[in-house]
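In what follows, a single structure is set out as structure tokens and then discussed.
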Amino acid sequence: MVTRQVPNPVELLELMKFKKPELNGKKRRLDSALTIYDLRDIAKRRTPKAAFDYTDGAAEGELSLSRARQAFEDVEFHPGILKPAPTVDTSVEILGGPSALPFGIAPTGFTRLMQTEGETAGAGAAAAAGIPFTLSTLGTTSIEGVKAANPDGRNWFQLYVMRDREISYELTRRAAAAGFDTLQFTVDTPVAGARLRDKRNGFSIPPQLTLGTIINAIPRPWWWFDFLTTPKLEFASLSTTGGTVGELLDAAMDPTISYDDLAVIRDLWPGKIVIKGVQNVEDSVRLRDAGVDGIVLSNHGGRQLDRAPIPFRLLPHVRKAVGDDFTVMVDTGIMNGADIVASIALGADFTLIGRAYLYGLMAGGRQGVDRTIEILRTEIERTMRLLGVSTLAELEPKHVTQLARLVPVAADAAGALAR
């Protein structure tokens, strides 16, 4: 039988310890975010629909993006027991320089659309974290502006080859002159993908005020205040704006891009060059043999060809084909530090985050990007400790099983079904 007593006031006082309230609304909001998906929820509440959907959306049915995220969720880890890892080293050498974490910030276009601090927030957060920042050709901060925001850190530049080749050549020269150490030569955008959310939202660059956008703006006055009281939103490296994203891309990009263009850019660029947008084993081997410094397995975050290969699924096959001494990076679908750990275990040298960074930016500007990096750092460190590894070099394929969901149909089985 339970023995009851009159509560002891002293014991009650010991229980009544209240947490000091956080008066800073932004800090309170960001501290409440424990995952990247939490940051996404905050971003969605604080950002107009058209701008949020531009970031969050992908091409057509958005199958490439959903499959990429699902592939990371379909991972089974295999921890080692009785292998203490009280401290972990998350640093890595990548493309001739250091990174404190096994990921960098991917190139994202029109970043000040999401939140007015844009690329300067990303570059500053990357500098503070000791990781690389990549500026897009379609960025809204200049090459020199990013260098000023990250003067001593590692800056990378993502290059599109334009119809007017001299534009691309001049951007290459400017990035080299500003001390950017790596060029991401992007090959998966000969034409724009069909980004249906943008079309349905009537989204254009720069954003246009319509009845719908005005109604949507009412609960989000802070975004519109920033938009209307800061410098004009435009591409920092291109002179033409106005129209949908697809129209702008189709007007600027050239579907005739080839290995000849790569050779020209290679001659212009003094630093490391990696090819972004590689989506099969054969191209990976050919690029290695062509002498580039590395590749990024990427389907452009699902924003180009829907039903494209899943980079994470492709990763072990590419690593086996190109060998251990060739730099292979991966992006698309990363939403958790465990996704990054799994990528390193299956052969990636490095990873890149795009939307995860932008969700933090929309949720809280520079502090939101810092929060993104901190969440991923914590998840990486915890996953490594639970696996029983102290360094990234200890991660091996044995630590990960990719569970089967989308399994290719063998040719003979497909023939039998057809009959």
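Given the DSSP H assignment, sum -39500 (n - 2.57) over each helix run of at least 4 residues in the chain and divide by its residue total; what's the result at 222 nm in deg cm²/dmol, nearest 500? Don't jump to the answer; show the numbers that get you there.
Values: 18 runs with 188 residues, N = 419.
For the chain, the value works out to -13500 deg cm²/dmol.
Each residue of the range 162-177 is assigned a 3J(HN,Hα), and the resulting list reads 8, 4, 8, 4, 5, 4, 5, 5, 5, 4, 4, 5, 5, 5, 5, 5 Hz, derived from the Karplus form 6.51 cos²θ - 1.76 cosθ + 1.60 (θ = phi - 60°), x at Gly and Pro. In this structure, the residue pairs whose Cα-Cα separation is over 19 Å, taken from Lys19/Lys44; Lys44/Lys147; Lys83/Lys398; Lys44/Lys276, are Lys19/Lys44; Lys44/Lys147; Lys44/Lys276.
Karplus-derived 3J(HN,Hα) values for the range 216-222, using 6.51 cos²θ - 1.76 cosθ + 1.60 with θ = phi - 60°, are 5, 7, 3, x, 10, x, 5 Hz; glycine and proline are entered as x.
Given a 1.4 Å probe and the protein chains as shown, Thr116 ends up with an accessible area of around 40 Å². Computed from backbone phi, the HN-Hα couplings of the range 376-383 come to 5, 4, 4, 5, 4, 4, 5, 5 Hz, rounded to whole numbers (Karplus: 6.51 cos²θ - 1.76 cosθ + 1.60, θ = phi - 60°; Gly and Pro given as x). Rounded, prolate or oblate for the chain? Axes are the square roots of the Cα gyration tensor eigenvalues, ordered a ≥ b ≥ c, and the cut-off for rounded is a/c under 1.5. Here the chain falls in the oblate category.
May I ask you to list the aspartates and glutamates whose Cα is less than 18 Å away from that of Lys199, ignoring any residue fewer than eight positions away on the same chain? Hits, sequence-local ones excluded: Asp53, Asp56, Glu60, Glu62, Glu247, Asp250, Asp306.
As a fraction of the 1.4 Å probe accessible area of the range 79-153, surface on carbon and sulfur atoms comes out at 59 percent.
Once you sort the root eigenvalues of the Cα gyration tensor of the range 277-419 as a ≥ b ≥ c, which label holds: rounded (a/c under 1.5), prolate (a/b larger than b/c) or oblate (the other case)? It comes out prolate by the Cα gyration axes. Solvent-accessible area of His78, all protein chains in place: 60 Å² (probe radius 1.4 Å, heavy atoms, ligands and nucleic acids excluded).
Surface analysis of the chain yields an accessible area of 47 Å² per residue, using protein heavy atoms and a 1.4 Å probe.
Beta bridges from DSSP with both residues in the chain: antiparallel share about 25 percent, rounded to the nearest 5. Remark on Ile131: its backbone amide H falls under 5 Å from those of Ala100, a criterion applied only to residues 5 or more positions apart or on other chains, H modelled at 1.01 Å from N. Under the rule a/c < 1.5 gives rounded, and otherwise a/b versus b/c splits prolate from oblate, where does the range 48-165 land using the Cα gyration tensor? Oblate, since a/c reaches 1.5 and b/c is not below a/b.
The values are calculated or read from the model by the stated rules, or taken from the named source; none is laboratory data. In this text the structure is predicted, and so the values were computed from the model without any measurement. The accessibility values were calculated without ligands, DNA or RNA, using every heavy atom of the protein model including side chains. Shrake-Rupley method; radii C 1.70, N 1.55, O 1.52, S 1.80 Å.
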